[in-house]
Amino acid sequence: MEKYEHKYGAEQIQVLEGLEAVRKRPGMYIGSTSVRGLHHMVYEIVDNGVDEALAGYCTEINIIIEKGNVITVIDNGRGIPVEIHPKTKISTAETVYTVLHAGGKFGGDSGYKVSGGLHGVGASVVNALSNWVEVTIERDGGIYEMKFEKGKTVKKLEKIGNSNKTGTKVRFLADDTIFESLEYEYEVLEKRLREIAFLTKGLKITLEDQREDPPKKAEFCYEGGLNSFVEFLNKTKEKIYPTPIYIEKQGEVPVEIAIQYTTSYTENIYTFVNNINTVEGGTHLEGFKRALTKVFNDYARNHNILKEKDSNLQGEDIREGITAVISVKVKEPQFEGQTKTKLGNSEVTAVVASVVNEALSTFLEENPQVAKAVLEKCVSAARAREAARKARELVRKKSSLETSTLPGKLADCSSKVADECEVYIVEGDSAGGSAKQGRDRKFQAILPLWGKMLNVEKARADKIYGNDKLNPVIVALGAGIGSDFDITKIRYGKVIIMADADVDGAHIRTLLLTFFFRYMRPLIENGNVYLAQPPLYKLYKKGMQDIYCYTDEDLDKTLERLEKEGIDRTTLGMQRYKGLGEMNPEQLWETTMNPDSRILIKVTMEDAIKADEIFSLLMGDEVEPRREFIEQNAKYVKNLDI
Ligand code: 1YM
């Protein structure tokens, strides 16, 4: 593993403010107090072990979810320093856990742990937001231990034995008066830990869930680093060449990149800064795109694949079917954008561009068959782009001739003020009818969807314009797609997907989310896409107002509450809604469409990425992963009506 030389020990720790501030405003420090924030608690502790691995001292990190949602994280690094800290006059280890922003992370020369920008505020925040924390350190021949409750030291660092090993072990129970729930999701931790392992070549990470019997276990260790990452992402896809192109350069801004093209038509580029996923991209991505376009165009010209009369290939042609992961380390990253996940440091563009320029052009010269295969695909993408442009112009021309440019099935709203308007995209016949009758036509439009499901995975933009299911969506929203997409033209402030809670509903949701993710991404980034939440049950009784329940948990709680109020559940009638179509217009309005009483779920980029992954899996070329997925998920299907 690479050794980054940097020193920050006891002296650099800066004392800023007390942990009370963290407990008062937890969201400011950990992002939120939802399960998302809860998982961040684990990442904060794991990150300290990863830093130790990046510094070249740690080879393994073990994470255990114990029964009762206690988390244990163990690493085999040097152990947190135990000597008395000159400023705080208490042990350095206690200082790290009790003083906000301790850990030297704020200094400019403090290695690459630069508080990622989101919530990388470390051990003291986890301590402040935990019911209790126990830290055990093996270092300098001894075993040391200290304990905290709600951020306060209850047992100072003390030597409790001898050891010839080194390492740090942290156990904690998050504070249930702060977090909404303490239930960790195995899959969420698994995904992030796998990602960290890909990003930290050679580091072994294990995860064990002891809440299950027998415990669930996973181990991640990738000698291939980002190459393994790209191979993992392309598992379900047909590759154009077998091994990813790998680029690595150490320096002021270390850059690591892996690239592999597949026969798919989509672009999948994941970017990381200091191991943090920069979902909104930024200067590193810009540098990469710029160099990629230049290198392939230069190669195509020099090898007569592009003739003198031909115009240059465009960036999007060259990125069709690409899967790439870009990881850079930046000492003082500036994060911008809506979710603070866009790298802003302008100097990074040139660094990444120059690294890619040099390494990729050399690679192409040395591997002409790979260059040829990729460029053939780029040239065909350019042709398809041209065809799509023509198809689009045709659509535009056609619509300018017709009086109404909007799809016939759309029941539009009367208001033309996009911000106050909503469009419900509804699958099927009867639901569409009820929705049209039940809506408030001033600001609610209904677009029923018909036609066969389109495999976006295997279609290019020209096919999408022609697709009878997606074309009405594009025209109704009025903002174009792909590189033409212009969010300022959007006709509705809220785009609401309303689908049944069954397999067909899941299909249409996945298709639409994947489509928005790939062709109208700003719509999701901007928070315009929502899922309607229709009720699953209705409880009724003579003389009592109908009660709607939206989840099974909701139903259990409601029944309990009613029992306490003296209403016996055997006297209640219960209807389980199989589909939206079973509700009459008034019920649909009251439960799902009335802004005063409905539940809307805002779609996040994470939801969309997940939908996209499921979609690739279900629609991609490889059969084996699809079979695995269906087998693994078969148990969840029992509740659905098929
Ligand atoms: C399971 C969590 O915290 N490991 C860990 C933390 C530190 C070190 C080693 C470490 C760092 C340095 C020197 C250094 C930390 N030390 C500090 C501080 N695992 C976990 N392992 N010696 C040991 O960076 O110079 C903060 S974290 F500030 F005390 F140096």
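The values are calculated or read from the model by the stated rules, or taken from the named source; none is laboratory data. Small disclaimer: the values here were computed from a predicted structure and weren't measured. Note that we place each Cβ from the backbone using ideal geometry, even for glycine, and neighbour counts take in every protein chain shown. Remember, those area values only see protein heavy atoms, side chains included, never the ligands or the DNA or RNA. Shrake-Rupley method; radii C 1.70, N 1.55, O 1.52, S 1.80 Å.
List of remarks:
- Integer Hz, Karplus 6.51/-1.76/1.60 couplings in order for the stretch 251-262, x for Gly and Pro: x, 4, 10, x, 10, 9, 9, 10, 9, 9, 8, 10
- Within the stretch 294-381, the proportion of C-alpha pairs whose separation exceeds 20 Å stands at 47%.
- Spin-label proximity, Ile160 to the stretch 50-92 - amide N less than 20 Å from point 7 Å beyond Cα toward beta carbon: 62-84, 91-92
- Between Glu565 and His303, the distance separating the two model label sites (each 7 Å from Cα on the Cα→Cβ line) works out to 7.3 nm.
- Helical runs assigned H by DSSP (4 residues or longer) give the chain a calculated mean residue ellipticity at 222 nm of -11000 deg cm²/dmol, each run adding -39500 (n - 2.57) before division by the residue total.
- Whichever lysines have a C-alpha closer than 27 Å to that of Lys564, once near sequence neighbours (fewer than 8 apart) are set aside: Lys538, Lys541, Lys542
- Whole-Hz couplings from phi, Karplus 6.51/-1.76/1.60, listed for the stretch 142-156; x for Gly and Pro: x, 10, 10, 9, 8, 9, 9, 10, 6, x, 9, 5, 10, 9, 6
- Inverse of mean 1/r across different Cα pairs in the stretch 239-335, Kirkwood, Å: 14.6 Å
- Of the residues Leu193, Asn164, Ile205, the one whose Cα sits farthest toward the positive end of the charge dipole of the stretch 135-218, with +1 on the Cβ of Lys and Arg and -1 on the Cβ of Asp and Glu, is Asn164.
- Rounded, prolate or oblate (a/c below 1.5 giving rounded, otherwise prolate when a/b exceeds b/c) for the chain by Cα gyration tensor: oblate
- Cα convex hull volume per residue for the stretch 213-279 (Å³): 151 Å³
- 3J(HN,Hα) from dihedral phi, the stretch 18-34, Karplus parametrisation 6.51/-1.76/1.60, rounded to Hz, x for glycine, proline: x, 6, 4, 4, 5, 5, 6, 10, x, x, 5, 9, 10, x, 6, 9, 7
- Residues whose amide H comes within less than 5 Å of that of Ile326, counting only those at least five positions distant or on another chain, are Tyr270, Thr271, Phe272 (H built at 1.01 Å from N in the peptide plane).
- Exposure ranking of Asp607, Asp419, Asp51, Asp176 by accessible area [1.4 Å probe, largest first]: Asp419, Asp176, Asp607, Asp51
- For the stretch 440-590, the percent of C-alpha pairs falling in each 5 Å distance bin, counted from 0 to the bin holding the largest distance, reads 2, 8, 16, 17, 15, 12, 10, 8, 6, 4, 2, 1, 0.
- Across the stretch 279-313, no residue has a backbone nitrogen under 12 Å from the label position 7 Å along the beta-carbon direction of Ser346.
- Of the GluC sites (Glu not before Pro) in the stretch 497-591, the ones in a loop by DSSP (not H, G, I, E or B) with at most 14 other beta carbons within 10 Å are Glu565.
- The simple spin-label model puts a point 7 Å past each Cα toward its Cβ; for Thr339 and Leu572 those points are separated by 3.6 nm.
- At a probe radius of 1.4 angstrom, the accessible area of the chain per residue rounds to 46 square angstrom.
- Long-range HN-HN contacts of Leu182 with modeled amide H, under 5 Å: none
- Each label was represented as a point 7 Å from its Cα along the Cα-to-Cβ direction; for Thr362 and Glu187 these points are 4.2 nm apart.
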